[in-house]
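The values are calculated or read from the model by the stated rules, or taken from the named source; none is laboratory data. Predicted model, so just to flag it, every value in this text is computed and none were measured. So basically every Cβ, Gly included, is an ideal-geometry build from the backbone, and we count neighbours across all protein chains shown.
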Amino acid sequence: MAVTKILARKGRLDKAIRYVLNGDKTNEQILTARYNCDPGWELKQMLDTKREYGKNDGVQYYHIIQAFKPGEIEPEQELEIAKAFVEEYLPGYEVVIGTHIDKEHCHSHILFNSVNAETGNKYHSSPRTYYSQIRKISDRLCRERGLSVITLGEGEKPKAVSYVEWLRRSRGQPTFRSMLEADLKQCIERANDLGHFFMLLEHQGYEIKHGRRLGFRLRGQERFRYPGRKNPLFTEAGIAAAIQGNLESIMAGKKPAFSVPVRYDPYKRPLKYTGILALYRHYLYILGKVEKRAAPPRLTPQLKKEVMRFERYK
């Protein structure tokens, strides 16, 4: 399943080209390709194109990243898909491609000059061009090769996610967005009104920013998250409507008036066998019916204290 992302950059072109073609990441540049430029002359030819058309300012280059889940595709096949994408989507542009294999998942970097060498036009990117062109072509190339693509449910609109979030999802790891949404849903289910909802959320360690959109962050984080941008349930109106639905369910007898929180189960030491039970376990071990219990790793007093505090918070 491929995820794509495009970045507009005004920084140094030479550093970006070196990064894409880095031999340590591309198996000594075996997994690289170039279009409309020659090996070793990529930077000069791109800068000459800008000077020829008098377009040296603004965005210097665009950077497309195409990544797959770990183990889904071989690096050579991914490079082939990146080449096919460039041939179809970027005619006339000077392009360098590098498929990086230094991470658990292989991924391709496609860097192209912001000025078209044939027409002199500057490339412009927008969410519309991303979904209607970049994502559409990438998905079709994957389907033609029997690879999976990101599918949407009926009536679901495309949603852009960050590369880090996509990577964590593909590994089955929780993201902060998923944890935040789970906490919001839990507080919505327990709240009696909007003020009660805000109080429950603050007790869980969140700070709330009121404005055109509701923002949430854990104490100590630098920036607020605005989940209402992607899900109307998490806007102030959506939360109030959901809480009103809870009250209606309570009045109809379909839901209890309050929910009992899960009781905190403190940290317990591993069970130690004694007496006849210890002898019984010993004979089971001799007969090969049970394996020897691995000793838990030794913890420093400070680390043990942190582990116990983590269990309590969880």
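Note on region 13-26: residues that are part of a loop (DSSP other than H, G, I, E, B), in contact (Cβ under 8 Å) with a residue 12 or more places away in the chain and loosely packed, with under 15 Cβ neighbours inside 10 Å amount to 1. Applying the selection to region 135-160, what residues are at pLDDT 80 or above and in contact with a Phe, Trp or Tyr (Cβ under 7 Å, 6 or more places away or on another chain)? Selection gives 137, 138, 141. If you go through region 105-119 one residue at a time, do you hit one that is over 18 Å from residue 87 (Cα atoms), among the hydroxyl-bearing types (Ser, Thr, Tyr) and in a loop (DSSP other than H, G, I, E, B)? Scanning region 105-119 turns up no residue that is over 18 Å from residue 87 (Cα atoms), among the hydroxyl-bearing types (Ser, Thr, Tyr) and in a loop (DSSP other than H, G, I, E, B).
Taking the criterion of being at negative phi, touching a Ser or Thr at 6+ places or on another chain (Cβ under 8 Å) and loosely packed, with under 15 Cβ neighbours inside 10 Å, the only residue of region 55-75 that qualifies is 70. So if I check each of 33, 8, which one is surrounded by fewer than 21 Cβ atoms within 10 Å (Cβ to Cβ), in contact with a Lys or Arg (Cβ under 7 Å, 6 or more places away or on another chain) and of a type in the set (A, V, I, L, M, F, W, C)? 33 is the lone residue from the list that is surrounded by fewer than 21 Cβ atoms within 10 Å (Cβ to Cβ), in contact with a Lys or Arg (Cβ under 7 Å, 6 or more places away or on another chain) and of a type in the set (A, V, I, L, M, F, W, C).
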